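Quick one: the structure is below, and I'll ask about it shortly.
The values are calculated or read from the model by the stated rules, or taken from the named source; none is laboratory data. All values reported here derive from a predicted model rather than from experimental measurement. Note that each Cβ is placed from the backbone with ideal geometry, even for glycine, and that neighbours are counted across all protein chains shown.
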Amino acid sequence: MRDPGRAVLAMRYRACLNKAASPVVQECMSLVADKVFTRWAKIVDPPHLEWTWRMIRSFYEEPHRAYHTLNHVAACLDLARAHTAGISSVFAATMDLAIFFHDIVYLPGDDRNEVLSANLLRSLGAVLPWSHVTVNHAAEAILATRDHKTDTDDIVVQTVVDLDLAILGSGAAEYDRYVRAIRTEFATVREDAWRAGRAQFLEKMLGRDRIYSTVWGHDRFEKAARANMAREVAFLKGHAMAGLILLSESFETAVLGGWGWPAASKSASVPQETGSQPAAYVDHGVCRVCSGKVVARTRTSSVVILGSPPQMPYVHHWECESCGLVYGRCPKENV
């Protein structure tokens, strides 16, 4: 028998997407948005579902975001469900509220993000079918994501912080994509300032006795997170490339120059237009950094190019489909 609750949710979601007043809700019903919307529908009063959902999407789809998007929210929600199966509905709602709002206000580098996000959640307490205690509990968890330290035994707060840090303990390729996305969000920051600030953050995390507060987080992510961050610090300080792709003049010279592909000069921000892949890998189509497959791609949005500004449009190009390294332009007919 069909679940009438899910049918109502689907109907509301389609109506939400079809609202002509907002461009955000006219987008296709992606799997990620569908999943996140369904979760939100379970923790908000039904009469206020549509406008609150449009608000949430409008925040997480801001153009300056590359990592702190609905994809990040969905990933945290999935991990939370997998880890917390069987917990009380109140604790589950507390974590969900914290996950939904922990990055809703996000301006790169602004130390007020978490405070403003927590305040926004509190301001919506009247349309949430949960007590002020639950909403404030979720707000406390949001505030704890500011420095990702938990000086409390509160399992909800600890779990939310660990969920937010889970990306650090992901596989190497996923971690590298995360780093490139964060770098894109900080596109206005000079490379030397980015390296110094990012390295400081990573070394501070590595200096902790434990990165993850919960037993679950520690067992699942700690080892991989330390390996990923140590690898990135090595790259940022110039000690080793370590397979991490970032905007780096030294990396471009070492790798692209080493393959006989001329590195971009300071007067030219991108490689020359070319109709073929660099000779060093044209016979194999394999990325020499991560061994992924090099393919022709077309993008209408911004893409990170070695030696170029992080948000430079670059439409037809050769790209590793695993690590995302862009080698140079290619003709349209190859795509």
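Show me the helices (runs of 4 or more DSSP H) entirely contained within region 24-117 in which 2 or more residues are touching a Leu at 6+ places or on another chain (Cβ under 6 Å) and under 23 Å from Val157 (Cα atoms).
By residue number, 31-41, 70-83, 89-101.
Also, quick follow-up: Can you tell me how many residues within region 167-188 are β-branched (Val, Ile, Thr) and crowded, with 18+ Cβ neighbours inside 10 Å?
So the count comes out to 3.
Same structure again: Restricting to region 42-57, name every residue that is more than 20 Å from Val90 (Cα to Cα) and basic (Lys, Arg).
Arg54, Arg57
Here are some residues: Leu143, Leu121, Leu107, Leu116. Which one is surrounded by fewer than 19 Cβ atoms within 10 Å (Cβ to Cβ) and touching a helix residue (DSSP H, G or I) at 6+ places or on another chain (Cβ under 6 Å)?
After ruling out the rest, the residue left standing is Leu143.
While we're on this one: Any residue in region 14-23 that is at pLDDT 50 or above, surrounded by fewer than 17 Cβ atoms within 10 Å (Cβ to Cβ) and assigned to a helix (DSSP H, G or I)?
No: zero hits.
From the list Glu174, Glu140, which one is under 21 Å from the mean Cα position of the chain (by Cα), of a type in the set (D, E, K, R), closer than 20 Å to Ala80 by Cβ and part of a helix (DSSP H, G or I)?
None of the others qualify; the one that does is Glu174.
Failed condition for Val157, given (1) part of a helix (DSSP H, G or I); (2) loosely packed, with under 15 Cβ neighbours inside 10 Å, with all others met?
All conditions pass for Val157, except number (2).
So that you can scan it fast, the table gives a plain yes or no per residue for (1) closer than 26 Å to Glu61 by Cβ; (2) modelled with pLDDT under 95; (3) of a type in the set (A, V, I, L, M, F, W, C):
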| residue | (1), (2), (3) |
| --- | --- |
| Ala92 | yes, yes, yes |
| Ala98 | yes, no, yes |
| His102 | yes, no, no |
| Asp110 | yes, yes, no |
| Val115 | yes, no, yes |
| Leu120 | yes, no, yes |
| Asn136 | no, no, no |
| Ala141 | yes, no, yes |
| Asp151 | no, yes, no |
